[in-house]
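Following: one structure in structure tokens, then a few remarks.
The values are calculated or read from the model by the stated rules, or taken from the named source; none is laboratory data. Predicted model, so just to flag it, every value in this text is computed and none were measured. Cβ placement follows ideal geometry from the backbone for every residue including glycine, while neighbour counts extend to all protein chains displayed.
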Amino acid sequence: MSPVVVWSIIFVLLMALAYYVTRLSSGKDEEGNRHDTGLAILEFGRAFPNEAIRSLHITADGEAIFVRLHDNKAGFMKSHRNHYACHLIEPGRVRVLPLPNAKGFSVEFLDAPTQNGTFIFSSEKEAAEVSLWLLDNYVSVADREMEADAPVPARDVNPDQAK
């Protein structure tokens with residue numbers, strides 16, 4: 001073989017390898033999505049090893065993930081290309097504001113203002129579910145304890161109605 005052919009083959013192989021490596025590093029799959037829920041679960045587990053994940057809800061653009069935890073707490077993860085910034089939402093430390101578009105809402109994290117933003121989901125149902133458990137998380141632990149300790153008002157029950 002002539003040296004020109006050998007060098008041409010080497011050049012083509014290097015170009016193919018470069019193309020392959022750039023496709024891998026971009027993190028995009030066939031649909032163009034850049035989020036990886038497996039990586040998100042691993043990173044949240046590393047950041048908060050004592051918290052059990054109940055469910056994940058990813059925004060439509062894949063840039064944020066809301067995490068529902070086993071004890072009705074909530075977490076938040078923001079994508080930074082190849083890693084996630086993880087945040088555990090403390091009760092009473094989040095504000096949720098509606099948007100005209102029912103598929104999203106605006107969130108203000110009082111403990112992590114750099115994570116504030118407007119988040120749009122793929123469906124209204126998913127946005128409603130996430131906002132409900134974020135609002136449930138809005139009630140502080142002290143308020144829940146006061147609610148649990150409050151006496152239950154007595155009712156008069158007519159014995160004839162009880163049957």
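Give region 72-91 a look and list any residue that's more than 15 Å from Asn116 (Cα to Cα), out of contact with any helix residue (DSSP H, G or I) (no Cβ under 6 Å at 6 or more places or on another chain) and either surrounded by 15 or more Cβ atoms within 10 Å (Cβ to Cβ) or without any contact (Cβ under 8 Å) to a residue 12 or more places away in the chain (or both), or say none.
Lys73
Among the residues of region 44-71, write down those that are without any contact (Cβ under 8 Å) to a residue 40 or more places away in the chain, within 11 Å of the chain's Cα centre (by Cα) and in a loop (DSSP other than H, G, I, E, B).
Within region 44-71, Gly62, Glu63 meet the criteria.
Which numbered condition trips up Thr22, out of (1) surrounded by 14 or more Cβ atoms within 10 Å (Cβ to Cβ); (2) modelled with pLDDT under 80; (3) out of contact with any Gly (no Cβ under 9 Å at 6 or more places or on another chain)?
The one condition Thr22 does not meet is (1).
Need pairs with beta-carbon distance below 6 Å; first residue among the β-branched types (Val, Ile, Thr) and within region 105-131, second surrounded by fewer than 16 Cβ atoms within 10 Å (Cβ to Cβ); sequence gap 6+ or separate chains.
Once the first residue is among the β-branched types (Val, Ile, Thr) and sits in region 105-131, its partners that are surrounded by fewer than 16 Cβ atoms within 10 Å (Cβ to Cβ) give Thr118/Ser106; Ile120/Ala60.
Do the conditions hold for Leu110, that is, is it exposed (fewer than 13 other Cβ atoms within 10 Å of the Cβ) and not polar (S, T, N, Q)?
Taking the combined requirement at face value, the residue satisfies it.
Could you say which residue among Lys28, Lys78, Lys73 is among the basic types (Lys, Arg) and either at positive phi or at pLDDT 90 or above (or both)?
The conditions single out Lys78.
Of everything in region 111-124 that's in contact with a strand residue (DSSP E or B) (Cβ under 7 Å, 6 or more places away or on another chain) and not in a helix (DSSP H, G or I), which residue is nearest to Arg46 (Cα to Cα)?
Step by step, filter region 111-124, then rank; the result is Ala112.
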